[in-house]
Amino acid sequence: MKTHLHALCAVAVLLCSGVAHASSPASTSSTSAGETPRNELVILDSVTQSRPLPNGIELTSGRAIMQITALRDDVIRVRVGLRGKLPEDASWAALKDARTQSVSVTPERDSTRVGFRTQVLRVQVELASMRLRITDLEGNVVQEDEPGRPVEFHGGAFRVYKAMPEDEHYFGLGDKVGPLDRRNQAFTMWNTNQYGFQESTDPIYKSIPFFLTFRRGRAAGVFLDNTWRSSFDFGKESHTAYSFGSEGGPLDYYVLYGPDPKHVLSSYAWLTGYTPLPPLWSLGYQQSRSSYYPESRVREIANRLRTDKIPADVIYLDIEYQQKYRPFTVDTEKFPHFSQMIADLKKEDFRVVAITDLHIADLPHAGYAPYDTGIAGDHFVKNPDGSIYTGQVWPGTSVFPDFTRASTRAWWGSLYRQFVADGIAGFWNDMNEPAIFGVSNKTMPDNVQHRIDEPGFTPRTANHLEIHNVYGMENSRATYDGLRTLAPDQRPFVLTRASYAGGQRYATTWTGDNSSTWNHLRLTTPMLLNLGLSGFAMSGADVGGFAGTPQPDLLTKWFELAAFQPIDRDHTSRTTADQEPWVNGPEQENIRRAYIEERYRLMPYLYTTAEEMSRTGLPIVRPLFLEFPDATKDKHPIDLDAGSEFLFGPDLLVAPQPYPDELDSYQVRLPPITWYDYWTGEKIEHRTSRSKPVVVHPTLSVLPVYVREGSILPMQPLTQSTMETPQGPLTLRVYPGNNCKGSLYLDDGISYAYSRGDFLRVDFHCEVTRQGVQLHIGKRRGSYPAWWKNLRVEIYGIDSEPQSIRVNGKPETLQSTSFDASRHCVDATLPDSGEAQDITIDAGNHSSQSTQAKPAQQVSHAGNTTEQPTDIVSEQ
């Protein structure tokens, strides 16, 4: 076999460190198949044999085996085994139907390389070095091993090195802190309770070993399906290579090709599962703290929200509602009328989400049912000697369910029976890294035993090193499945802190115990964007920060930003001051209320985006490059130039200050199409490379938001909760431009009736003509009834009184029309029968002017006057 200088150096280092044995694959020891001596070095640096497979190729390097297969024409799987056989083909993340899918390939071979091609990709392995290279059929490199850096195994640990072009960028890995782009950073995957984490803290709560590569407008995805402690290095060790590896477990990774980044995310969802369509109420404003108690305080919070007309859907109960912090109990002294309180809140259109941590109090012979039934069913994790493991958490000494057993998950799910009967709508699984108090590693010992008894896995015992990163996900899975069993036609809402790849199938998430600082407000956007790029499209961050009391302006700015995020939850620690929208006085409350109200007006757009997410895997909040992969001249991600900007759904661009505590003006970098100011309706023409950027002069009450040309936004009249039926017409905001379209999805928001056809879907299209704008409203599909009888159509970019407005060629069918020159908008209200309709606006001179600096104007929002972002100017 060929010996590389790198391999010799590695062996020398190991020998100097006192390693007893190091070898190449050709000289492996007599260890039994499937086992690797702890310190043995194995390097896959040449191909000794190969054989084609119907869906790929199998290669050997000494006794090591590598199998490369095509699941689809654009999805490649790579697996390695060291003793002549591959590891068990089982996964907590990758779905069996996807993992076992295959396509036929065409074998290819020459004197130096062997491989195959699909209808999309070409896979090549160099015989002399075993270097893997994947390209598309046009020769564009998707991924290739770093020259001179073969795959290495050090006992059970391994590392894979990939070439890192200087213009390639990396995104994903879940809610890691730091910049959006992972380049020049390194990360560890080990779920960790990190109260008050900071910008340099790693690891934190979740382990999602999936990332996107993006180069010159082309994207691919890499998923390492390994639950052990793993690490990812994007240029820290070497400026020419990125690498990933683990301290144990299988070398099993997937390469998902785009080239469109949207296609990569859809492929990842196909592989690991789609986010279920959430209940509509979970998209509403959520009020929480640690904790609201006693019962009178919960009722007071609900009453104040309704009295102050702050739209809201959810109130949380943190650990103080429980008796001595014991899960699945209620403290009847603090909450003497618990079930009645839940019912009364529901009458006021509030849903209650209650925390149910996984640490069960160690209380034998005390009548504590979760402990007694758990012991009876042998459901708790154990020490190596067979005794039940205990650790200190909120209830004191606690025991922990063994969620790797299907029977244990079913038992856990059954514990929710009374809470579901009481009417609690959702559940919050916290502390599930798992977090343990009073120990230096913050979690269970490495040698705690988990008994895997799960369909698709060979029954066996595994230590905590293997299970730690999936423990939180399996906790949320048990909760989700239990709720599906107890209320089969009700969509569960589960909020989890810890998870693994694929956890989006069971739960929404949040970024954990952040801090009430301006820097944490800034960190929120890249964390949520990378969560969305990692499968967790339903995510949020504690509004105002969890640790500490926020400054009034900071809290207001956080409310503004959260209105344009998937989960909008205000939450804070028990030791902080009040953090509800009304604190700090009426001026701050009015601004906060206005943005929550705008979220509720946008609810049809948000829910339609969530439904798209459930079908496609596309996140709700998106980096700009997801919609505009070719936005820059050299096709690098435009986000690298765009500060803290992000997309809320496909059509709204939100542009907060890159450093929100600064008072200086800042530039907004818009992708190179025409945009409209969401608040004023003004049009910002496509900018050339010679144009100066949009400049924003920040004010407290303004969060700049823009609408892309060609958007049609469905909006509704203001409601105080998602359970309230909107009164008035459905509004369609039309922003003419290229590829003008939009859609609306609606159902009952709580059940699975939509899967039986009980939904409503409408598509919209518009076209700009020389005379004006033509809008086509499609025929309704599905059996769910619309809540509106009339449509209000607002068409922007109109600079003069329209000459005529016709519906299906008949002007008399209009109920009312008006022209607002200050907003460059004409609107018309008309009946909506549910049939297809065509609206024609003959405008004479459709607007093409750029935005100019104008004085700020006052715009009324349901009786609350706030300054709107007309401070946005274009410097010509």
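Couple of notes before you dig in:
- Selected residue [in a strand (DSSP E or B) and either at pLDDT below 50 or out of contact with any strand residue (DSSP E or B) (no Cβ under 6 Å at 6 or more places or on another chain) (or both)] from THR866, THR840: THR866
- Between PRO650, PRO619, the distinction of being of a type outside the set (Lys, Arg), assigned to a loop (DSSP other than H, G, I, E, B), surrounded by 23 or more Cβ atoms within 10 Å (Cβ to Cβ) and modelled with pLDDT of 95 or more belongs to PRO619 only.
- Residue under evaluation ARG306, criteria (1) surrounded by fewer than 19 Cβ atoms within 10 Å (Cβ to Cβ); (2) not assigned by TED's automatic domain parsing to the domain that holds ALA425, criterion not met: (2)
- Residues located in region 217-244, provided they are of a type in the set (A, V, I, L, M, F, W, C) and within 19 Å of VAL142 (Cβ to Cβ): ALA219, ALA220, VAL222, PHE223, LEU224, PHE232, PHE234, ALA241, PHE244
- Which numbered condition ARG574 misses (of (1) more than 22 Å from the chain's Cα centre (by Cα); (2) more than 28 Å from LEU483 (Cβ to Cβ)): (2)
- A count restricted to region 391-411 and to residues that are touching a Ser or Thr at 6+ places or on another chain (Cβ under 7 Å) and crowded, with 16+ Cβ neighbours inside 10 Å stands at 6.
- Some residue of region 439-456 being within 19 Å of HIS379 (Cβ to Cβ), surrounded by fewer than 17 Cβ atoms within 10 Å (Cβ to Cβ) and polar (S, T, N, Q): no
- Extreme residue, farthest from ASP578 (Cα to Cα), among residues of region 270-310 that are in contact with a helix residue (DSSP H, G or I) (Cβ under 9 Å, 6 or more places away or on another chain) and aromatic (Phe, Trp, Tyr): TRP270
- Each residue in region 634-683 was checked for being more than 28 Å from LYS741 (Cβ to Cβ) and of a type in the set (A, V, I, L, M), and 2 of them qualify.
- Scanning region 470-494 for residues that are among the aliphatic types (A, V, I, L, M) and not in a loop (DSSP other than H, G, I, E, B), we see that the one that is farthest from SER231 (Cα to Cα) is LEU486.
- For region 223-243, filtered to residues that are of a type outside the set (A, V, I, L, M, F, W, C) and assigned to a strand (DSSP E or B), the residue that is surrounded by the most Cβ atoms within 10 Å (Cβ to Cβ) is TYR242.
- Residue that is nearest to MET527 (Cα to Cα) [pool: residues in region 191-222 that are touching a helix residue (DSSP H, G or I) at 6+ places or on another chain (Cβ under 7 Å) and touching a residue at least 60 places away in the same chain (Cβ under 8 Å)]: GLU199
- Among the residues of this structure, LEU358 does not count as one that is of a type in the set (A, V, I, L, M, F, W, C), surrounded by fewer than 23 Cβ atoms within 10 Å (Cβ to Cβ) and in contact with a helix residue (DSSP H, G or I) (Cβ under 7 Å, 6 or more places away or on another chain).
- Only residues that are within 27 Å of VAL78 (Cβ to Cβ) and surrounded by 24 or more Cβ atoms within 10 Å (Cβ to Cβ) were counted in region 188-221, giving 14.
- Hits in region 626-647 (condition: in a loop (DSSP other than H, G, I, E, B) and either without any contact (Cβ under 8 Å) to a residue 60 or more places away in the chain or within 15 Å of LEU528 (Cα to Cα) (or both)): PHE628, ALA631, THR632, LYS633, ALA642, GLY643, SER644, GLU645
- The set of residues in region 364-411 being among the aliphatic types (A, V, I, L, M), out of contact with any Asp or Glu (no Cβ under 6 Å at 6 or more places or on another chain) and either free of Cβ contacts under 8 Å to residues at least 40 places away in the same chain or farther than 20 Å from THR329 by Cβ (or both) consists of ALA366, ILE375, ALA376, ILE388, ALA410.
- Residue identified as acidic (Asp, Glu), under 19 Å from the mean Cα position of the chain (by Cα) and over 20 Å from ASP175 (Cα atoms) among GLU627, GLU685, GLU645: GLU627
- Per the conditions (1) within 20 Å of the chain's Cα centre (by Cα); (2) in a loop (DSSP other than H, G, I, E, B), the sole criterion not satisfied by TYR293 is (1).
- Scoring GLU333 on the criteria (1) surrounded by fewer than 20 Cβ atoms within 10 Å (Cβ to Cβ); (2) of a type outside the set (A, V, I, L, M, F, W, C); (3) touching a residue at least 60 places away in the same chain (Cβ under 8 Å) leaves a single failure, condition (3).
- Taken together, the residues in region 789-801 that are surrounded by 18 or more Cβ atoms within 10 Å (Cβ to Cβ) and assigned to a loop (DSSP other than H, G, I, E, B) amount to 1.
- Unmet requirement for SER755, which otherwise passes all of (1) in contact with a strand residue (DSSP E or B) (Cβ under 7 Å, 6 or more places away or on another chain); (2) not in a strand (DSSP E or B): (1)
- When restricted to residues that are outside any loop (DSSP other than H, G, I, E, B), in contact with a helix residue (DSSP H, G or I) (Cβ under 6 Å, 6 or more places away or on another chain) and of a type in the set (Ser, Thr, Tyr), region 316-353 contains 2.
- Scanning region 754-785 for residues that are surrounded by 15 or more Cβ atoms within 10 Å (Cβ to Cβ), modelled with pLDDT of 95 or more and small (Gly, Ala, Ser) turns up GLY778, GLY782.
- Take the conditions (1) in contact with a Phe, Trp or Tyr (Cβ under 8 Å, 6 or more places away or on another chain); (2) on the phi > 0 side of the Ramachandran plot; GLY548 misses just one of them, which is (1).
- Hits in region 541-564 - residues which are out of contact with any Gly (no Cβ under 6 Å at 6 or more places or on another chain), surrounded by fewer than 24 Cβ atoms within 10 Å (Cβ to Cβ) and more than 19 Å from LEU700 (Cα to Cα): GLY548
The values are calculated or read from the model by the stated rules, or taken from the named source; none is laboratory data. Remember, it's a predicted structure, so these values are computed and weren't measured experimentally. With ideal geometry, Cβ positions are generated from the backbone for all residues, glycine too; neighbour counts draw on all protein chains shown.
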